[in-house]
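Have a look at the structure below, then the notes.
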Amino acid sequence: MKSADKNRSSYSHLLPFLKAEKRFFIITLICVCGYVATVPILPKLAEYATEAIGKGDVKQTAYWLGLAMLDFVVQSAFLYGQRVSAINGSLNVVLALRNGVYASLHRMGIDYFADTQTGDLTYRITEDVERVGEVVFKMSQQFVSCLLQIVVLSIYILYLNWQLSLTGLLIAPVVGFLIGQFGQRQLTLSRKNQGAIATLSSLITEVFSSIRIVQAFAAQKYERGRFAKEAQLNRDAKFKSEYLTSVQYPVVGLLEALAIMLFFLVGAWQISIGRMTGSEFVSFLAAVAILINPIDLVIQHYNLYKQTEASAERIFELMHLEPTLVEAEDAIALPAITGKVDYRNVSFGYGQETILSNLNLIVSPGEVIALVGPSGAGKTTIVNLLARFYDPQQGQILIDGIDIKTVTIESLRHQIGTVPQETALFSGTIAQNIAYGQTEVDYEAVEAAAKVANAHDFISPMSQGYHTWVGERGNNFSGGQRQRIAIARAIYLNPRILVLDEATSALDPESEALVQEALERAMKRRTVFIIAHRLSTVRQANRILFLEKGKILESGTHLELLNKGGRYAQFYTQQFDS
């Protein structure tokens, strides 16, 4: 697995997404320019209104105030336009980012998810993307507007009185330097804060997905302690970030207050020597007063920009992941197969650990193969390699003489049905679970698969039948019912190869009998791989392979291996004599 260089995971990667929504941001920019163009009018109107008030001219005062109100109306129209267009553009960016990250994760193999916290991924797709969207919105809707206001108003006050303006310009570099320093520190703290929140999210996901175990071991107090510890770390990280902001605002505010005091002092001097009138000073102060709010907003947005940069890094880190398993560019769709499987000198390992060593195995179409052996012998690895969840380090795997590396992964897996040990059902109807992965549900095929799987008899009496809703993880069904739905799902597309991974290990005897009967029907005319620790389920296999340390030690029927008196016989005796 390769990830993007952390230094490249920044806002620069947002550019393609922003360009895709340029029409909205162009409208926003036009409205921003229109709004900023009307801003300097108000101080001048305030000057004229002040002069009229000083003369006691009610008519002129009303005239200038009326123009000021008209200016406010025009400003409001521009503000409306920039906000609506900015929110459209930013939400579209959020949608594209979210879909992009989610699609990128679906390119990754199961090796990636085995080493990654689900809660962290969930947080990145939801909260981190949302934070970046907020930055896009505020930067396009307010930040650019505020910067332009600062530029325009600064030019305007220079025009009004350059000596007085220089007073503020003396303090501006100090303010700018402090904002930069605070912002860089915010980025560092935000990275820590985002990591703390992601860890907390992962813990919540982990605990509540295994709540039965937590309660079975009366571990609520233990888990509350773990949560409290992580929550405290999250609280401390957040406090440091907010504390920095709490220091920043008084410091910058003090400098702003100092600038205003200097304005009054220099303004009084300018008036005393006749270089400025009182109404001109009011106009100048009005411009300065309007300028303060954009400066404060720029500081806020810059802080948000730096805080959210950590989120941007985390998002684009996912979007630039490279899967370890890559489909060939010239891969073809696997044609309809008979189910012959050929492992040729296959070796595979995880890191430095060797799981399979020079495995050779030919399975004929329609043959039922049972994989037996101790944990870690390589049973699950054999079928994982067949479905290309991993690629072997050495050797080839062929189906009907076709190297599986030369075909598309989708076409390969559509011809391999899997019934896992731990049945995973998804929110949706029973029919949608049986036809999982298909955009269109063939209800005749769903019912036919359910009948083969011994599921039709418990589904049809339900008030909504196949439209009955399946709750999260299928917890509103018994283990046997879930397993039979899983069998129906495995055979819905009529695959020629079927993988049964400990399919009855967690069931009571009555449910096991129903599931076993369903499996026997599902296995007909298919090549079947059975992974089993309970040897009672593999007696009818055409061939039983006993694996140990990644090698096939024994091969034969149940009776042949018992008569041989080898490792399989020892395993069998241990199970049934204990």
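Checked against the criteria, Leu91 does not count as part of a helix (DSSP H, G or I) and either more than 19 Å from Ile125 (Cβ to Cβ) or more than 21 Å from the chain's Cα centre (by Cα) (or both).
Looking across the stretch 49-68, the residues that are in contact (Cβ under 8 Å) with a residue 40 or more places away in the chain and surrounded by 15 or more Cβ atoms within 10 Å (Cβ to Cβ) come down to Thr50, Glu51.
Note on the stretch 427-445: among residues that are touching a residue at least 40 places away in the same chain (Cβ under 8 Å) and within 11 Å of His467 (Cβ to Cβ), the one that is surrounded by the most Cβ atoms within 10 Å (Cβ to Cβ) is Ile430. The single condition from (1) surrounded by 20 or more Cβ atoms within 10 Å (Cβ to Cβ); (2) out of contact with any Asp or Glu (no Cβ under 6 Å at 6 or more places or on another chain) that Tyr305 fails is (1).
Of all the criteria given as (1) at pLDDT 70 or above; (2) open to solvent by 40 Å² or more (accessible area, probe 1.4 Å), the one not satisfied by Leu291 is (2).
One residue stands out among those in the stretch 341-359 that are at pLDDT below 95 and touching an Asp or Glu at 6+ places or on another chain (Cβ under 9 Å): the one that is nearest to Val407 (Cα to Cα), which is Phe348. So which residues in the stretch 212-257 are at pLDDT 75 or above, of a type in the set (Gly, Ala, Ser) and over 26 Å from the mean Cα position of the chain (by Cα), if there are any at all? If the condition is that a residue be at pLDDT 75 or above, of a type in the set (Gly, Ala, Ser) and over 26 Å from the mean Cα position of the chain (by Cα), then Gly225 is the only one that fits. When restricted to residues that are open to solvent by 10 Å² or more (accessible area, probe 1.4 Å), assigned to a helix (DSSP H, G or I) and touching a residue at least 40 places away in the same chain (Cβ under 8 Å), the stretch 458-483 contains 4. So, Leu42, is that one buried (at least 17 other Cβ atoms within 10 Å of the Cβ), over 14 Å from Gln141 (Cβ atoms) and among the hydrophobic types (A, V, I, L, M, F, W, C) or not? It is true that Leu42 is buried (at least 17 other Cβ atoms within 10 Å of the Cβ), over 14 Å from Gln141 (Cβ atoms) and among the hydrophobic types (A, V, I, L, M, F, W, C).
Looking at the stretch 98-112, which of the residues that are open to solvent by 30 Å² or more (accessible area, probe 1.4 Å) and part of a helix (DSSP H, G or I) is nearest to Lys306 (Cα to Cα)? Looking at the filtered set, the residue picked out is Arg98.
For the stretch 458-469, give me each residue that is within 15 Å of Ile434 (Cα to Cα) and either modelled with pLDDT under 90 or of a type in the set (Phe, Trp, Tyr) (or both). Scanning the stretch 458-469 gives Phe458, Tyr466, Trp469.
Looking only at the stretch 310-339, which residues are surrounded by 21 or more Cβ atoms within 10 Å (Cβ to Cβ), assigned to a helix (DSSP H, G or I) and not hydrophobic (A, V, I, L, M, F, W, C)? Once the filter is applied, which keeps residues that are surrounded by 21 or more Cβ atoms within 10 Å (Cβ to Cβ), assigned to a helix (DSSP H, G or I) and not hydrophobic (A, V, I, L, M, F, W, C), the stretch 310-339 yields Ser311, Glu313, Arg314.
Within the stretch 509-520, does at least one residue satisfy the condition of being at pLDDT below 90, out of contact with any strand residue (DSSP E or B) (no Cβ under 6 Å at 6 or more places or on another chain), of a type outside the set (Gly, Ala, Ser) and part of a loop (DSSP other than H, G, I, E, B)? Among the residues of the stretch 509-520, not one is at pLDDT below 90, out of contact with any strand residue (DSSP E or B) (no Cβ under 6 Å at 6 or more places or on another chain), of a type outside the set (Gly, Ala, Ser) and part of a loop (DSSP other than H, G, I, E, B), which makes the answer no.
Note on the stretch 340-389: among residues that are among the basic types (Lys, Arg) and either open to solvent by less than 10 Å² (accessible area, probe 1.4 Å) or within 37 Å of the chain's Cα centre (by Cα) (or both), the one that is nearest to Gly550 (Cα to Cα) is Lys379. Within the stretch 518-554, being of a type in the set (A, V, I, L, M) and open to solvent by 50 Å² or more (accessible area, probe 1.4 Å) holds for Ile552, Leu553.
Only one entry in Ala455, Ala486, Ala424, Ala449 is within 30 Å of Glu327 (Cα to Cα), buried (at least 22 other Cβ atoms within 10 Å of the Cβ) and touching a residue at least 40 places away in the same chain (Cβ under 8 Å), namely Ala486. If you go through the stretch 113-146 and pick out every residue that is surrounded by 18 or more Cβ atoms within 10 Å (Cβ to Cβ), more than 30 Å from Cys33 (Cα to Cα) and hydroxyl-bearing (Ser, Thr, Tyr), you end up with 1. Sub-7 Å Cβ pairs linking a first residue in the stretch 542-571 that is closer than 25 Å to Lys524 by Cα to a second residue that is part of a strand (DSSP E or B) and of a type in the set (S, T, N, Q), at least 6 apart or interchain, are Arg543/Ser555; Leu545/Ser555, ordered by first then second residue. Of the set (1) without any contact (Cβ under 8 Å) to a residue 12 or more places away in the chain; (2) part of a helix (DSSP H, G or I), all apply to Val136 but (1).
So which of Ile260, Ile273 ends up being over 30 Å from Asp111 (Cβ atoms), loosely packed, with under 13 Cβ neighbours inside 10 Å and more than 46 Å from the chain's Cα centre (by Cα)?
On inspection, the qualifying residue turns out to be Ile273.
Scanning the stretch 306-337 for residues that are more than 30 Å from Asn494 (Cα to Cα) and over 15 Å from the mean Cα position of the chain (by Cα) yields a count of 5. Here is the figure for the stretch 30-39: residues that are among the hydrophobic types (A, V, I, L, M, F, W, C) and surrounded by fewer than 18 Cβ atoms within 10 Å (Cβ to Cβ) total 3.
The values are calculated or read from the model by the stated rules, or taken from the named source; none is laboratory data. Worth saying up front: this structure is predicted, and the values here are computed from it rather than measured. Don't worry about glycine lacking a Cβ; one is built from the backbone with ideal geometry, like all the others, and counts go over all protein chains shown. Ligands, DNA and RNA are excluded from the accessible area calculation, which covers all protein heavy atoms including side chains. Shrake-Rupley method; radii C 1.70, N 1.55, O 1.52, S 1.80 Å.
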